[in-house]
Amino acid sequence: RHTISVSAFLLNRSSDLAAVGIGGELLVAQGCVEESYIDGMIQNVSQHRVDVVIAEGIAIPHTRYEDGAFRAGISLVTLKTPLSFSGSKEMVKVVLCFSAMNVQDYWHMVSFALDLIEYGVLDRLTEAKTLEEVKSIVALC
């Protein structure tokens, strides 16, 4: 089980960069990162980094902690309409932005993202209407 504080946002229309921006703002609101961290994530996505989309349906934008992270955190942005992300062929419906302070944090976040896939909850996350619903779905992983 993961002990991760999650904030969430449902986006009706978007681009990959807009979704990253919103996910980054949620991390700022949690006190996990400063604004410069958002710029780093957007730069990584703009450069079509291959590690952003880890599987059909999910992207995990992030950057180095030196870019402005204060502590580990996760934000979840669900997309009403899946879209191509960072030049990938896979269509993304869940954008899981995260900050990590060290290698252990990084792998913890990646493991959490993989659990969402393994437990088959990506579709349920996109259908959730409230933060409480998102948290109850995430708790299954």
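Observations on the model:
- DSSP-loop chymotrypsin sites (Phe, Trp or Tyr not before Pro) across region 63-141, with at most 13 other Cβ within 10 angstrom: 119
- Computed from backbone phi with θ = phi - 60° and the Karplus coefficients 6.51, -1.76 and 1.60, the 3J(HN,Hα) list for region 89-97 is 7, 6, 8, 9, 10, 10, 10, 10, 7 Hz; x is used for glycine and proline.
- In sequence order, calculated HN-Hα J values of region 27-32 (Karplus, 6.51, -1.76, 1.60; Hz; x Gly/Pro): 5, 4, 4, 7, x, 8
- The simple Förster model, with R0 at 41 Å and r as the Cβ-Cβ distance, assigns residue 36 and residue 81 a FRET efficiency of 0.85.
- Among the GluC sites (Glu not before Pro) found in region 35-78, those both in a DSSP coil and sparsely packed, with 15 or fewer other Cβ atoms within 10 Å of their Cβ, are 56.
- Largest mean-square fluctuation among 125, 114, 27, in a Gaussian network model of the chain whose springs join Cα atoms under 10 Å apart, belongs to 114.
- Charge sum, other residues only, whose C-beta stays under 13 Å from residue 71's C-beta, Lys/Arg counted +1 and Asp/Glu -1: -2
- Under 5 Å, built H, 5+ apart or other chain: amide partners of residue 70: 33, 34
- Among (i) 26, 15, 13; (ii) 19, 18, 14; (iii) 29, 17, 16, the entry derived from the coordinates for semi-axes √(5λ) of the Cα gyration tensor in Å: (ii)
- The separation of region 32-58 from region 80-131, counted between C-alpha centres, amounts to 12 Å.
- The simple spin-label model puts a point 7 Å past each Cα toward its Cβ; for residue 46 and residue 117 those points are separated by 2.7 nm.
- For 48, 62, 108, the ranking by accessible surface with the largest value first comes to 48, 108, 62, using a 1.4 Å probe.
- Spacing of the two label points (7 Å from each Cα toward its C-beta) at residue 107 and residue 127, in nm: 3.5 nm
- Accessible heavy-atom area order of 39, 105, 123, highest first, probe of 1.4 Å: 39, 123, 105
The values are calculated or read from the model by the stated rules, or taken from the named source; none is laboratory data. This one's a predicted model, so the numbers in the text were calculated from it and none came from an experiment. Note that each Cβ is placed from the backbone with ideal geometry, even for glycine, and that neighbours are counted across all protein chains shown. Ligands, DNA and RNA are stripped out before the accessible areas are found, and what is left, the full protein with its side chains, is counted by its heavy atoms. Shrake-Rupley method; radii C 1.70, N 1.55, O 1.52, S 1.80 Å.
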